[in-house]
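Just below is one structure, and these are the notes that go with it.
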Amino acid sequence: MKILVSQQVPSNFAPFEAIESKYGASLEFHPFYVTEPLSAKEFRAEKINLPDYSAVVFSSRLVIDAYFRLCDEMRFKVPETMKYFCSTEAVAMYLQKHIVYRKRKIFFGNGTPESIVAQIGSKHKGEKFLIASSVGSNMDALTSRFDSAGLDYTLGTLVKAVPQDLRSLDIKSYNLIVMFNPSDVISLKENFPDYSQGDTRLMSFGRSVVPAMEEAGFTVNAKAPTPEAPSVGKAIELYLAENS
């Protein structure tokens, strides 16, 4: 069984070595795309005026870097009054790379959309929010909470996905391919325009990639995460146990 995982080689490869040994499988890791911040020219196409917003919502460190890079490139001096709402404390702490950390203007949740809206509450409801996101990230859960709370927001894409060159791979030689993001599907189709699934099994990890796989005409043979398979390694192991 030859398996292709569309991510970087994990720092802890031991669980995958155990899978290879137990099932006689061969696992390969190749990221299908890389992420890069949008240039000012690309961002202007979204017709978003940064000075219009009094608060920014961040869900990753990458998006934080992209935001402040855009501000520099567009010569927008972020005002001291700007408020920041982050998905987690770790993301919030990363803001120290760019600004002086002040608790009265930096707020964070516990990783859920509900927790971000709870931090906004009635006290900050009058702010105008820029929700900073990446191409391919599913922000529906967050924006639906903002809609329900009657918040004034704009969803802005600050980070793009750039397909990697995968043409050196013998893509038809893999028995199982694991994909995580709609950008994985785009990269696969760009690198192999004539690719057809055939007997290859496809596994999705994450809900956002499933519609993209199906729209591309692929059959999703296994979906994760699940309570039984919360990690990629466990999902692959369960699949092999059921299909070997």
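The values are calculated or read from the model by the stated rules, or taken from the named source; none is laboratory data. Quick caveat, the model's predicted, so the values are computed rather than measured. Reconstructed Cβ throughout: ideal geometry from the backbone, glycine too, with neighbour counts over all protein chains shown.
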So which residues in the range 88-109 are assigned to a helix (DSSP H, G or I) and either touching a strand residue (DSSP E or B) at 6+ places or on another chain (Cβ under 6 Å) or not hydroxyl-bearing (Ser, Thr, Tyr) (or both), if there are any at all?
Glu89, Ala90, Val91, Ala92, Met93, Leu95, Gln96, Lys97
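Is it true that Leu130 is part of a strand (DSSP E or B) and either hydroxyl-bearing (Ser, Thr, Tyr) or modelled with pLDDT of 95 or more (or both)? Steps first, please.
On the way: part of a strand (DSSP E or B): yes; either hydroxyl-bearing (Ser, Thr, Tyr) or modelled with pLDDT of 95 or more (or both): yes.
So Leu130 fits the description; yes.
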What number goes with the only condition from (1) part of a loop (DSSP other than H, G, I, E, B); (2) in contact with a helix residue (DSSP H, G or I) (Cβ under 7 Å, 6 or more places away or on another chain) that Thr35 does not pass?
(1)
What's the number of the only condition in (1) assigned to a loop (DSSP other than H, G, I, E, B); (2) within 30 Å of Leu27 (Cβ to Cβ); (3) out of contact with any Pro (no Cβ under 7 Å at 6 or more places or on another chain) that Ser122 fails to meet?
(2)
What do you reckon, is Ala45 loosely packed, with under 14 Cβ neighbours inside 10 Å, of a type in the set (A, V, I, L, M) and in the same structural domain as Phe129 (by TED's automatic domain parsing)?
yes
Which ranges mark the strands (runs of 3 or more DSSP E) fully within the range 152-214 that have 2 or more residues being farther than 12 Å from Tyr33 by Cα and among the β-branched types (Val, Ile, Thr)?
152-163, 176-179
Residues that are more than 19 Å from Leu95 (Cβ to Cβ) and hydrophobic (A, V, I, L, M, F, W, C), drawn from the range 129-144
Val135, Met139, Ala141
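Got at least one residue in the range 39-49 being more than 30 Å from Thr143 (Cα to Cα), in contact with an Asp or Glu (Cβ under 6 Å, 6 or more places away or on another chain) and not in a strand (DSSP E or B)?
Step one: list which residues in the range 39-49 are more than 30 Å from Thr143 (Cα to Cα), which gives none.
Looking for residues that are more than 30 Å from Thr143 (Cα to Cα), in contact with an Asp or Glu (Cβ under 6 Å, 6 or more places away or on another chain) and not in a strand (DSSP E or B), one finds none in the range 39-49, hence no.
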